[in-house]
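The values are calculated or read from the model by the stated rules, or taken from the named source; none is laboratory data. All of these numbers come straight from a predicted model, not from anything done at the bench. For neighbour counting, all protein chains shown are included, and Cβ atoms are generated from backbone atoms with ideal geometry for every residue, glycine included. Ligands, DNA and RNA are excluded from the accessible area calculation, which covers all protein heavy atoms including side chains. Shrake-Rupley method; radii C 1.70, N 1.55, O 1.52, S 1.80 Å.
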Amino acid sequence: MRAKTAGLVFCALTILTGGIVPASGADRTPPVQYWMDVSTVNQVIPGMEDMGAFGGMMGMPRSGPVKNLFLRLISPQSLPSSPEASHDIPPGQRMGDSLPLIIPPKAQAERYEGQEEQPRYEKPKMRMLIYWGCGEEVPKGQPLVIDTERMNMADFGKAMAGRSGSQHPPMPRSGRIYSQWPNERSSKQVLPESSLKGGQLVHGNYTPDIRFSIDEGHDFMSPVSFSSVRGGLRDSIGFQWKAIPTATGYFASAMSSNRETEELILWSSSEVKETGWGLMDFLSPGDVRRLIQDRVVMPSDRTSCSVPKGIFRDTEGAMLQFIAYGDELNVVHPPRPKDPKEQENWRPIWEVKERRKSTAMLPLGMEGMDGSDRRGRRGRAIQQPETPQEPERPQEAEAPDTPDNGGGEENGMTRGLKRFFGF
């Protein structure tokens with residue numbers, strides 16, 4: 001009788017869970033993971049607002065807001081002979097009925113052959129001046145000077161270390177099926193009027209059906225819009241932005257190089273030393289709250305900041321990067337039980353994570369900006385009648401007697417960026 005009752009319970013669980021019984025003990029099969037990276041990018045390039053399609057044909061960066069979408073699916077199931085998966089999208093997305101999820105050739109090779117290319121890092125030969133903090137004047141003790149000629153690799157890594165998020169998106173790996181969109185079969189441009197709101201369905205022969213819905217609060221974020229940018233390269237450059245209702249926090253950084261010494265100059269809006277390398281990307285709400293508390297990320301009610309006076313005065317222009325972090329949508333099936341006792345045997349079948357951000361790039365010291373230090377499209381700055389005092393620098397920050405202008409890889413890269421953005 002007990003055996004019959006146990007059999008009935010097993011059958012009932014099988015039906016309710018779609019053939020998958022919550023694991024206990026040795027069954028540790030990981031859930032299928034589906035990640036959606038949703039971003040809005042606004043490249044503000046003075047003088048290029050009216051270039052339109054002609055600018056794109058000339059290989060110039062597009063000016064104005066652009067919506068981007070990147071989809072990842074990773075499954076622990078066995079690879080079928082003809083793998084297929086797709087994401088059925090709502091009509092408001094205006095990109096057809098569905099988006100195919102394709103296994104990249106490299107990901108399929110890694111699954112069976114274990115081929116993984118290990119990146120090789122080499123220490124660049126350069127000097128860097130690192131500033132931080134929103135304010136009109138350079139704080140005492142800045143900049144931090146990094147001279148790679150005087151550092152070993154360990155010291156260089158420690159000096160360049162910065163904060164980053166705690167999340168790592170699914171990537172191709174052995175023993176998993178990895179697929180993505182866009183891909184070689186489909187790479188549609190997300191339209192400016194596209195909306196993610198509505199029901200979503202991911203399905204295929206190596207994944208269970210994944211059904212979820214995206215509400216208005218987790219749609220594409222509004223583009224970053226600068227309401228005011230004042231000051232030239234000799235001055236403190238103040239900038240203001242319009243608040244984004246769904247933002248959880250903000251971060252800004254700027255970069256350029258000294259036109260004579262080719263020292264790289266970095267600045268971030270953090271109140272404590274921070275290079276910002278790992279912060280111009282998606283961050284979870286928990287990471288944003290932690291970094292706001294650490295005075296690294298600006299809170300969501302902040303709408304202004306200033307680059308300290310004169311740190312870019314010896315450059316031919318600087319590039320400001322700005323990011324507004326967005327909230328996440330996290331869905332798991334079956335839902336996590338509220339009873340702690342039931343959580344012991346709970347095993348999710350699939351998980352969905354939708355990450356959001358809105359970013360902008362803004363050239364500083366170029367034509368079209370407010371302030372007296374304007375420059376033409378060829379990058380020539382008008383000399384100012386007044387010569388403000390240079391920011392305080394520690395002794396070790398002085399330029400070397402014989403700067404390395406030999407045209408190495410790093411210097412060539414710097415010059416290439418200048419030519420690309422018209423500096």
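Number of residues in region 273-289 that are modelled with pLDDT of 95 or more and among the β-branched types (Val, Ile, Thr) equals 1. When we screen 199, 175 for residues that are part of a strand (DSSP E or B) and either among the basic types (Lys, Arg) or over 24 Å from the mean Cα position of the chain (by Cα) (or both), the only hit is 199. Scoring residue 223 on the criteria (1) under 15 Å from residue 302 (Cβ atoms); (2) open to solvent by 10 Å² or more (accessible area, probe 1.4 Å); (3) at pLDDT 95 or above leaves a single failure, condition (1). Of the residues examined, residue 315 is one that is of a type in the set (Ser, Thr, Tyr), buried (at least 17 other Cβ atoms within 10 Å of the Cβ) and assigned to a loop (DSSP other than H, G, I, E, B). One residue stands out in region 68-87 among those that are closer than 30 Å to residue 40 by Cβ and among the hydroxyl-bearing types (Ser, Thr, Tyr): the one that is surrounded by the fewest Cβ atoms within 10 Å (Cβ to Cβ), namely 86. Against the condition small (Gly, Ala, Ser), crowded, with 16+ Cβ neighbours inside 10 Å, modelled with pLDDT of 95 or more and under 30 Å from residue 79 (Cβ atoms), how does residue 213 come out, does it pass? No; evaluated as a whole, the condition is false for this residue. Considering 166, 228, 187, the condition of being assigned to a loop (DSSP other than H, G, I, E, B), modelled with pLDDT under 95 and closer than 30 Å to residue 143 by Cα is satisfied by 166 alone. I'm trying to understand the selection: among the residues of region 254-283, which are out of contact with any Asp or Glu (no Cβ under 6 Å at 6 or more places or on another chain) and among the hydroxyl-bearing types (Ser, Thr, Tyr)? Hits for region 254-283 are 256, 257, 261, 269, 270, 275.
Yes/no per residue for (1) open to solvent by 10 Å² or more (accessible area, probe 1.4 Å); (2) under 30 Å from residue 231 (Cβ atoms); (3) modelled with pLDDT under 95:
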residue	(1), (2), (3)
307	no, yes, no
321	yes, yes, no
324	no, yes, no
330	yes, no, no
337	yes, no, yes
340	yes, no, yes
347	yes, no, yes
352	no, no, no
359	yes, yes, no
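Checking each residue in region 240-274 for being β-branched (Val, Ile, Thr), open to solvent by 10 Å² or more (accessible area, probe 1.4 Å) and assigned to a strand (DSSP E or B) picks out only 248. Restricting 70, 10 to residues that are aromatic (Phe, Trp, Tyr) and at pLDDT below 95 narrows the list to 10. Summed over region 107-143, residues that are at pLDDT 95 or above and aromatic (Phe, Trp, Tyr) total 2.
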